[in-house]
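Input: a single structure, listed below in structure tokens.
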Amino acid sequence: MDNLFATRMQNTQKSFIREILKVTENPEVISFAGGLPNPRFFPVREINDATNKVLAENGENALQYSTTEGYQPLREYIAYRYKKRGILVDADQILITNGSQQGLDLIGKVFLDKNDGIVIERPGYLGAIQAFSMFEPQFHSVPLFEDGPDLDRLESILKENQVKLMYIVPNFQNPSGITHSLAKRKELAALTSRYNMLVIEDDPYGELRFIGDDLPSVRLFNEDKTVLLGSFSKIVAPGMRLGWICAQHDIMEKLIIAKQAADLHSNYFSQRVVHQYLCDHDIDEHINHIKDGYGKQRDCMVSMIAKYFPQDITCTKPEGGMFIWVTLPPTMSSLELFDLASTQNVAFVPGTPFYVDGGGSQTLRLNYSNSDEAVIEEGIKRLGSVAAALKTKPTVDLG
């Protein structure tokens with residue numbers, strides 16, 4: 001049977017995180033592994049009301065096939081939200097997708113041939129790595145500093161290689177929690193423009209800032225060569241499976257063709273329900289409620305790490321989003337720590353899968369959004385105990 005599979009499947013692995021999440025099905029496990037929004041912020045009653053209203057007022061239409069581009073009023077709403085941030089687009093530049101993950105797949109189909117060059121952050125978002133891997137590109141990694149990507153390294157890559165795309169998550173990056181500074185955004189836009197490449201700016205967490213001021217989109221500094229990805233998963237609910245791509249008209253034409261071949265259109269009923277919800281409620285008020293909760297959970301996790309972890313273990317201190325990135329000393333392995341932690345019913349994601357070029361064995365990702373403060377303290381206390389125990393074991397330097 002193996003000889004019947006496409007060769008691309010030999011190089012594309014199962015999602016490491018999805019496999020880890022199987023471990024967390026045990027209700028006794030404290031899981032910092034999944035990138036899950038907190039369900040206590042899901043607008044269940046409001047979505048129920050919106051659903052009933054859509055069915056009562058226009059049910060037959062809402063249950064029918066629709067256009068590939070998506071529900072026009074919803075696309076107009078997204079364009080309106082962009083305009084409030086200074087990004088001047090119209091509804092025809094918005095394509096509704098099955099979450100932003102489908103957006104990554106469509107971009108890969110439209111732009112990537114085998115062995116095409118693509119730049120990705122190091123560490124990089126695992127969902128993007130998996131989506132783009134299907135098209136067998138050449139990955140080039142750019143390390144992340146506290147203020148964003150290493151632009152000297154990026155320029156070296158662009159000088160030495162033919163690169164089509166750069167994929168970035170500039171706000172509260174998954175997995176690191178790092179945010180690109182304003183200076184880095186401007187410099188990155190200028191550099192990628194000079195080398196005539198496309199920037200894929202993925203921003204699922206950008207509205208979840210609870211420290212500091214919002215920063216402008218990279219697109220504002222390189223409008224013609226920046227494609228935006230967005231999602232309702234983090235600000236409404238992931239089960240609706242609604243995201244979008246925002247791109248120039250010539251790019252949008254190709255994306256629509258690719259989506260028609262994939263699924264004809266995204267869930268039209270979900271689009272109608274989400275739009276009704278957005279019309280009937282103040283989404284900014286809802287987002288502020290989420291930010292208040294996540295900010296407290298973030299602060300708790302950072303303080304508990306300082307309290308319970310060995311002092312030579314460091315972590316990022318994100319200004320928003322859902323993740324904290326932890327770096328262990330060179331003599332410790334996050335995979336070994338994961339095995340020990342699992343005996344204490346605690347789960348996290350070891351860092352190795354976030355690196356396309358190897359490395360990351362001393363790193364790990366923690367999610368704080370899906371746990372309340374009491375659970376965070378208990379889980380970090382357990383992790384700190386097993387980390388301290390691991391430090392006392394005879395080990396080989398992994399550096």
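Below are the figures for this structure:
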item	result
The listed residue being out of contact with any helix residue (DSSP H, G or I) (no Cβ under 9 Å at 6 or more places or on another chain) and either assigned to a helix (DSSP H, G or I) or open to solvent by 20 Å² or more (accessible area, probe 1.4 Å) (or both), out of Ala306, Ala258	Ala306
The stretch 176-197: number of residues that are hydroxyl-bearing (Ser, Thr, Tyr), under 15 Å from Val142 (Cβ atoms) and part of a helix (DSSP H, G or I)	1
Criterion violated by Phe232 - all others in (1) out of contact with any Pro (no Cβ under 9 Å at 6 or more places or on another chain); (2) within 22 Å of Asn98 (Cβ to Cβ) satisfied	(1)
From the options Asn11, Asn3, Asn61, Asn26, residue that is modelled with pLDDT of 85 or more and of a type outside the set (Gly, Ala, Ser)	Asn61
Matching residues in the stretch 134-145 - criterion: being out of contact with any Pro (no Cβ under 6 Å at 6 or more places or on another chain) and over 10 Å from Asp105 (Cα atoms)	Glu136, Pro137, Gln138, Phe139, His140, Ser141, Pro143, Leu144, Phe145
Condition broken by Val119, with the remaining ones in (1) in a helix (DSSP H, G or I); (2) touching a helix residue (DSSP H, G or I) at 6+ places or on another chain (Cβ under 7 Å); (3) hydrophobic (A, V, I, L, M, F, W, C) satisfied	(1)
Residue, surrounded by the fewest Cβ atoms within 10 Å (Cβ to Cβ), within the stretch 124-133, restricted to residues that are over 20 Å from Thr192 (Cβ atoms) and not aliphatic (A, V, I, L, M)	Ser133
The stretch 103-113, subset in contact (Cβ under 8 Å) with a residue 40 or more places away in the chain and open to solvent by 40 Å² or more (accessible area, probe 1.4 Å), residue farthest from Ser266 (Cα to Cα)	Phe111
Answer residue from the stretch 52-82, given it is of a type in the set (Asp, Glu) and in contact (Cβ under 8 Å) with a residue 12 or more places away in the chain and is farthest from His265 (Cα to Cα) among those	Glu76
Criterion (assigned to a loop (DSSP other than H, G, I, E, B) and among the β-branched types (Val, Ile, Thr)) met by exactly one of Val386, Val356	Val356
From the options Glu69, Glu57, Glu136, residue that is surrounded by fewer than 16 Cβ atoms within 10 Å (Cβ to Cβ), farther than 30 Å from Ala341 by Cβ and of a type in the set (Asp, Glu)	Glu57
All positions within the stretch 179-190 that are over 19 Å from the mean Cα position of the chain (by Cα) and crowded, with 19+ Cβ neighbours inside 10 Å	Lys184, Leu188, Ala189
Which numbered condition Asn367 fails, given (1) under 22 Å from Phe41 (Cβ atoms); (2) open to solvent by 40 Å² or more (accessible area, probe 1.4 Å)	(2)
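Okay, residues lined up against (1) part of a helix (DSSP H, G or I); (2) farther than 16 Å from Arg209 by Cα:
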| position | (1), (2) |
| --- | --- |
| Met252 | yes, yes |
| Ala262 | yes, yes |
| Tyr277 | yes, yes |
| Asp284 | yes, no |
| Lys317 | no, no |
| Ile324 | no, no |
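The values are calculated or read from the model by the stated rules, or taken from the named source; none is laboratory data. Treat the numbers as computed from the prediction; the structure is a model and nothing was measured. Note that each Cβ is placed from the backbone with ideal geometry, even for glycine, and that neighbours are counted across all protein chains shown. Accessible surface areas use protein heavy atoms only, side chains included; no ligands, DNA or RNA. Shrake-Rupley method; radii C 1.70, N 1.55, O 1.52, S 1.80 Å.
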